[in-house]
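Chemist: Below is one structure. I have some questions about it.
The values are calculated or read from the model by the stated rules, or taken from the named source; none is laboratory data. Treat the numbers as computed from the prediction; the structure is a model and nothing was measured. Quick reminder, even Gly has a Cβ in these numbers, built from the backbone with ideal geometry, and neighbours come from all protein chains shown. Quick note on the areas: whole protein, heavy atoms, side chains included, nothing else; ligands and nucleic acids left out. Shrake-Rupley method; radii C 1.70, N 1.55, O 1.52, S 1.80 Å.
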Amino acid sequence: MSYSNKQWSFLKDLSLLITFIAKSGWKATGGDLERSYAEQDRKYGAGLSKAKGGESRHNYKMAIDLNLWNADGIYMPYIERDFGREAHDEMLAEIVEYWESLNHKNRAGLNFKTFRDPYHFERGD
C-alpha cells in the first residue's frame, strides 16, 4: 500500500472517530497532526514525547493529538488534574476502545505503557 493510501486510511478512521466523539456528546478540536523533525526534537527535549525527530508518527501525518471536551463541556486535561488518572481514563476508555476497534493498527496514547499521552491517536505500521 502506498504511503498516501496509508494516510488516507488513517484519516478515514479519524473521521469516524470524530463522528463517534460527537455522537457521544463530546467535542473534539485538532491538535498536532504533522510535526517537523525539529519540533519533534523540541518536544522530546522538553519531556513531552518519547520519540525524537523521525521516530514519531506525527512526522509522517499518521498521528494526531486531539483536544477533547466531555459531555459536561469540561476540557479533559482539567479533569485529569482535578479528579485523578483513574476517573479520567474511565471517561476516555470508550473513545479509545472505538478507535482501536476501527483497525488493528490503530493505537491510542492512553494505552501506551512507557509514556502517558491520553489525547494521542495514531496508525502504526
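Chemist: Counting just the residues of the range 19-60 that are in contact (Cβ under 8 Å) with a residue 40 or more places away in the chain and open to solvent by 70 Å² or more (accessible area, probe 1.4 Å), which one comes out nearest to Tyr98 (Cα to Cα)?
Modeler: Lys27
Chemist: Does Ala93 fit the bill of being more than 24 Å from Met1 (Cα to Cα), over 16 Å from the mean Cα position of the chain (by Cα) and among the aliphatic types (A, V, I, L, M)?
Modeler: On the way: more than 24 Å from Met1 (Cα to Cα): yes; over 16 Å from the mean Cα position of the chain (by Cα): no; among the aliphatic types (A, V, I, L, M): yes.
For Ala93, the condition - more than 24 Å from Met1 (Cα to Cα), over 16 Å from the mean Cα position of the chain (by Cα) and among the aliphatic types (A, V, I, L, M) - is not met.
Chemist: Here is a follow-up. From Met76, Met91, grab the single residue that is hydrophobic (A, V, I, L, M, F, W, C), within 18 Å of Lys23 (Cβ to Cβ), open to solvent by 40 Å² or more (accessible area, probe 1.4 Å) and modelled with pLDDT under 95.
Modeler: Sole residue among the options that is hydrophobic (A, V, I, L, M, F, W, C), within 18 Å of Lys23 (Cβ to Cβ), open to solvent by 40 Å² or more (accessible area, probe 1.4 Å) and modelled with pLDDT under 95: Met91.
Chemist: Tally time: how many residues in the range 94-104 are in contact with a Leu (Cβ under 8 Å, 6 or more places away or on another chain) and open to solvent by 30 Å² or more (accessible area, probe 1.4 Å)? Reasoning before the result, please.
Modeler: Initially, the range 94-104 is screened for residues in contact with a Leu (Cβ under 8 Å, 6 or more places away or on another chain), giving 95-96, 98-99, 102.
Filter once more, so that each one left must be open to solvent by 30 Å² or more (accessible area, probe 1.4 Å): 98, 102.
Residues flagged as in contact with a Leu (Cβ under 8 Å, 6 or more places away or on another chain) and open to solvent by 30 Å² or more (accessible area, probe 1.4 Å) within the range 94-104 amount to 2.
Chemist: Now, a different point. Quick check on Arg107: is it more than 21 Å from Gly124 (Cβ to Cβ), among the basic types (Lys, Arg) and open to solvent by 70 Å² or more (accessible area, probe 1.4 Å)?
Modeler: In short, no.
Chemist: Quick one: would you say Asp13 is acidic (Asp, Glu) and under 20 Å from Tyr3 (Cα atoms)?
Modeler: When the stated conditions are applied, Asp13 passes them.
Chemist: In addition: Mind checking whether some residue in the range 111-120 is open to solvent by 50 Å² or more (accessible area, probe 1.4 Å), in a helix (DSSP H, G or I) and farther than 18 Å from Ser9 by Cα?
Modeler: Taking every residue of the range 111-120 in turn, at least one turns out to be open to solvent by 50 Å² or more (accessible area, probe 1.4 Å), in a helix (DSSP H, G or I) and farther than 18 Å from Ser9 by Cα.
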